[in-house]
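The values are calculated or read from the model by the stated rules, or taken from the named source; none is laboratory data. Every value quoted in this text rests on a predicted model; they were computed, and no experiment measured them. Ideal geometry is used to build each Cβ from the backbone, glycine not excepted, and the neighbour counts take in all protein chains shown. Heavy atoms of the whole protein, side chains included, go into the accessibility calculation; ligands, DNA and RNA do not. Shrake-Rupley method; radii C 1.70, N 1.55, O 1.52, S 1.80 Å.
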Amino acid sequence: MNVGSLARSLTPLGWLTLILVCVATVALLLGGLGFRWDPFDLARRRADRAEAAADLAHAEAVARAAEAEGQSGQVARLDTAHTIIRRTEAATTPILLEARTAHDADLPLSPDRLDRLRAHDDELCRIAPDLGGCPATPDPARDRRPAL
């Protein structure tokens, strides 16, 4: 059977089937060689959406990391503030009791009482040097007491 007799013997449905088989064979061969036909540029659109999603995920991860870092800094500052409060209360409570029960509590300030108050102020400034009214100390160990 030659090509001419094959061409005369095919019906229109046979021609359509032959053309579809040829197109499928060419598409498979070209696809196997790495050729892609994307007339609507769908692959680029998918890649753009994937890249945008990756950028968003990265931005959210950076935001979560910054939030966690800020939270840990806040916890450290809060712990420092609580430590200062506890130490201030520990230093103030005995002095208040002593001041209220001292023999000169009802008298105008005597030099002894003034010295006690100044010593207490110095202790508070040593515990929390950033309090208002505390002098700036360039050398915190100049009084030869161990740092708290």
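Once you put a point 7 Å from the Cα of His58 and another 7 Å from the Cα of Leu109, both along the Cβ direction, what distance in nm separates them?
Calculated label separation equals 6.4 nm.
Nearest 20 debye, what's the magnitude of the dipole of the chain about its Cα centre given +1 on Lys and Arg Cβ and -1 on Asp and Glu Cβ? Don't skip to the end; give the middle numbers.
Details: 18 positive and 21 negative charges, 216 e Å.
With Lys and Arg at +1 and Asp and Glu at -1, about 1040 debye.
With springs connecting C-alpha atoms under 10 Å apart, model the chain as a Gaussian network and identify which of Ala105, Ala57, Ala76 has the largest mean-square fluctuation.
Ala105
Between Leu97 and Asp121, what is the FRET efficiency for a Förster distance of 22 Å, r being their Cβ-Cβ separation, to the nearest 0.05? Spell out each step's value before the answer.
On the way: r = 17 Å, r/R0 = 0.78.
Result of the calculation: an efficiency of 0.80.
Quick one: grab the alpha carbon gyration tensor of the chain, order the square roots of its eigenvalues as a ≥ b ≥ c, and give me rounded if a/c is under 1.5, else prolate or oblate depending on whether a/b is larger than b/c.
prolate
Out of the trypsin sites (Lys or Arg not before Pro) in segment 1-53, which ones are loop residues according to DSSP with at most 10 other C-beta atoms within 10 Å?
Passing sites in segment 1-53 are Arg36.
Report P(r) for segment 47-115: all Cα-Cα distances, bin width 10 Å, range 0 to the bin holding the largest distance, values in whole percent.
So the P(r) values, bin by bin, are 16, 20, 15, 14, 12, 10, 7, 5, 1.
Round to a whole number: what % of the accessible area of segment 1-53 belongs to carbon and sulfur, probe 1.4 Å?
72
Of Thr80, Thr25, Thr11, which has the largest mean-square fluctuation in a 10 Å C-alpha GNM of the chain?
The residue with the greatest mean-square fluctuation here is Thr11.
Can you pull the accessible area of Glu51 for me, 1.4 Å probe, Å² to the nearest 10?
It works out to around 110 Å².
Once phi is turned into ³J(HN,Hα) by the Karplus curve 6.51 cos²θ - 1.76 cosθ + 1.60 with θ = phi - 60°, what whole-Hz value does each residue of segment 83-98 show in order, with x for glycine and proline?
So the J values, rounded to whole Hz, are 4, 5, 5, 4, 5, 5, 5, 5, 7, 7, 4, x, 5, 5, 4, 5.
Calculate for the chain the 222 nm mean residue ellipticity that helices alone would give, adding -39,500 (n - 2.57) per DSSP H run of length 4 or more and normalising by residue count, nearest 500 deg cm²/dmol. Walk me through the numbers before you get to the answer.
Working: 4 runs with 105 residues, N = 148.
When only DSSP H runs of four or more count, the value is -25500 deg cm²/dmol.
Per residue, how much accessible area does the chain show when a 1.4 Å probe rolls over the protein heavy atoms, in square angstrom?
I get 84 Å² per residue for the chain.
Compute the angle between helix 111-127 and the longest alpha-carbon principal axis of the chain, please, reported from 0 to 90 degrees and rounded to the nearest 10.
On a 0 to 90 degree scale, this one is about 10.
Within segment 1-92, which chymotrypsin sites (Phe, Trp or Tyr not before Pro) sit in a loop by DSSP and count at most 16 neighbouring Cβ atoms inside 10 Å?
When the chymotrypsin sites (Phe, Trp or Tyr not before Pro) of segment 1-92 are filtered for loop state and at most 16 Cβ neighbours within 10 Å, Phe35, Trp37, Phe40 remain.
In the chain, which cysteines lack any other cysteine Cβ under 4.7 Å from their own?
Unpaired cysteines in the chain: Cys22.
Charges only on Cβ, +1 for Lys and Arg, -1 for Asp and Glu: so what's the dipole of segment 50-122 about the Cα centre, in debye to the nearest 20?
So the magnitude is around 300 debye.
Under a GNM of the chain (C-alpha, springs under 10 Å), which listed residue has the highest mean-square fluctuation: His58, His82, His103?
His103
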